[in-house]
1. How big is the charge dipole of segment 142-239 about its Cα centre, in debye rounded to the nearest 20, if each Lys and Arg gets +1 on its Cβ and each Asp and Glu gets -1 on its Cβ?
2. Segment 142-239: Rg/Rh from Cα coordinates, Kirkwood Rh?
3. Going highest first, how would you order 179-186, 225-232 by mean Cβ packing within 10 Å?
4. Using a simple spin-label model with points 7 Å from Cα along the Cα→Cβ vector, what separation in nm is obtained for residue 142 and residue 116?
5. Sorted by packing (mean other beta-carbon atoms within 10 Å per residue), highest first, where do 166-173, 105-112 land?
6. What residues have an amide H closer than 5 Å to that of residue 193, excluding those fewer than 5 places away on the same chain, when H is modeled at 1.01 Å from N in the peptide plane?
Amino acid sequence: METLTEKVTQLTEAVAIIAQERNTSTSSTSNAATNHSSSLGLRLPNIVLPVFHSTDDLDDFLIQLRSLLETTGTPPKHWVALLKQQVINDRRSFDLIRLAEAQYRSDLDAAEDDKQFLEYYVKVQDYLASKRGKPKEEKTLELLTRFNGMAQEDSETVEEFSVRFLDLHHDLQKLIPGIFIVSSETEGVKKSDDIQLQLQFTVKLREDIRKELIARQARYDSIQLLIEAARRYEHFHPPQKGTSSDPASDQVPTSVWCSAVQCYNCGDYGHFARNCMNNPQRMSQRTAGGTVRVTSPEFN
């Protein structure tokens, strides 16, 4: 009986040793497979790609999709398949991609590296955009209308409005390069002057901020410095309750500019100090019997 008990004990120990070795082997194999997979970069990040619907802006969708694919390091050979997947809710776009795939099949078959797969994707994307997107003229007119009609809202801070303003200007520049930007070159040095863009931004600001910036007669080297000046003024002069920003003033006429200008000499609005009738120099000229011609304000 004791011999039988001893053998059972030995058998149990042997089974435990075998089981332990098997678990160790399985764990090692699993770790090796995981390490191998990681070294090959097979696991793609979990990302949420934009989905296109018929009422969406196709150009914006394509830009957003490509940006995400590039940022996440998704191999270009999968891009067309992902593009087709994300437009499946719009039957016309889906069918156009299938037509593009058939048209550029030879490019896909010849592709061997990321650069060639990317070139194939660009051809498919451009084909879709040319057939499904809005005509350039229509989109340009739409953006210009939105840009001309925008104004800072009562509840909108300068910072929030500047983001909206610059985003829309950025979209316009894609269609009209250099709009509101004057480029020049002096002795081989290229310079950009955004004074026209600054003017557009100023006239769209809330009335009290607009008047203050115009009255200063200051010239800012960039739109960013102008925005910062507007932000500082807003910080110390928050909008009064019930103040209207007059968003209807899409294109501010000269009379508004004049009414916003304050003379540093007499304190009245409507003219610059150099044109002030209370200017001591002008008064001496009038006393001497000379006729003083009042010129209209110049806005440089």
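1. Its charge dipole is roughly 220 debye.
2. Answer for segment 142-239: 0.99.
3. 225-232, 179-186
4. The two pseudo-label positions are separated by 3.8 nm.
5. Descending mean neighbour count gives 166-173, 105-112.
6. 182, 183, 184
Readers should treat all values here as calculations from the given coordinates under stated rules, not as data from a laboratory. Remember, it's a predicted structure, so these values are computed and weren't measured experimentally. Neighbour counts run over all protein chains shown; Cβ positions are idealised from the backbone, glycine included.
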